[in-house]
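*Asks:* So that we are looking at the same thing, I have put the structure below in C-alpha cells.
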Amino acid sequence: MQFKPGRELQEFNCLQKEMDSIYHKLALHAGLSDSAFHILYCIVAFGDGCLQKDICEMYNISKQTINSSIKNMESKGILTLARGKGRDMHLHLTAEGRQFTEQYITPVIDVENSIFSEMTAEESQTLLRLTKKYKDLFDRNIKERLL
C-alpha cells in the first residue's frame, strides 16, 4: 500500500524545507556549516557562557556534530570552551567571535524579531500556538503509533 502526503502536508513540508534552506544560505554566507551557525546563534541567544548541552537540546543536534563544529571554531579563534560543573562545558566567544557574531548572527535575530513586530499580537500568538499544537500532536502520534 502506498500513501501519498495530502496537500496540506506537502505545503507544510515545503515551507519547512524552504525555511531550512534560508538558514543554510545564511550559514554559507557566513562561511559556516549549519551546525556552527546554530552554535553561534545559541551563544548570542542564550548569552556568552551558555552550555554545550543546551545547544544540543535546542537544535536536536548530536554531541559529536556539536563537538566537531566547536573544535573547528576554536581553531579559528572564534570561541573557547570552559569546564563547568561535572561534564558541563561553557562556550565563550573570543573578541573575534563577538565581532563575527555581530556581523553575521545578530542581524539574523534582528530580522526574525522584526518579522514578529510586523505581525499583530494575535497573528504571532496564533502562529506559535498552532506550530506548538502540530509539534505536540506529531510527537504524541509518533510515540503511540511508531515508537
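*Asks:* Considering only region 100-122, I want to know if a residue exists there that is touching a residue at least 40 places away in the same chain (Cβ under 8 Å), open to solvent by less than 80 Å² (accessible area, probe 1.4 Å) and either closer than 24 Å to Leu9 by Cα or more than 16 Å from the chain's Cα centre (by Cα) (or both).
*Replies:* Yes.
*Asks:* Sticking with this structure for a sec: Name every residue in region 13-36 that is open to solvent by less than 70 Å² (accessible area, probe 1.4 Å) and either closer than 13 Å to Ile105 by Cα or touching a residue at least 24 places away in the same chain (Cβ under 8 Å) (or both), in order of residue number.
*Replies:* Tyr23, Leu26, Ala27, Ala30, Gly31, Leu32, Ser33, Asp34, Ser35, Ala36
*Asks:* Does region 55-76 include one or more residues that are without any contact (Cβ under 8 Å) to a residue 60 or more places away in the chain, open to solvent by 70 Å² or more (accessible area, probe 1.4 Å) and among the small types (Gly, Ala, Ser)?
*Replies:* The answer is yes; a qualifying residue exists.
*Asks:* Oh, and also: Just one of (1) within 28 Å of Phe138 (Cα to Cα); (2) among the hydrophobic types (A, V, I, L, M, F, W, C); (3) open to solvent by 60 Å² or more (accessible area, probe 1.4 Å) trips up Ile39, so point out which.
*Replies:* (3)
*Asks:* Any idea which of Lys133, Lys143, Lys53 is part of a helix (DSSP H, G or I), under 26 Å from Gln16 (Cα atoms), of a type outside the set (Phe, Trp, Tyr) and in contact with a strand residue (DSSP E or B) (Cβ under 9 Å, 6 or more places away or on another chain)?
*Replies:* The match here is Lys53.
*Asks:* For Glu96, only one of the following conditions fails: (1) modelled with pLDDT of 95 or more; (2) buried (at least 17 other Cβ atoms within 10 Å of the Cβ); (3) over 28 Å from Leu127 (Cβ atoms). What is its number?
*Replies:* Result: Glu96 fails condition (2) only.
The values are calculated or read from the model by the stated rules, or taken from the named source; none is laboratory data. Please read these numbers as outputs of a predicted model, since none were measured by experiment. Note that each Cβ is placed from the backbone with ideal geometry, even for glycine, and that neighbours are counted across all protein chains shown. To get the accessible areas, we keep the full protein, side chains included, count just its heavy atoms, and leave off ligands, DNA and RNA. Shrake-Rupley method; radii C 1.70, N 1.55, O 1.52, S 1.80 Å.
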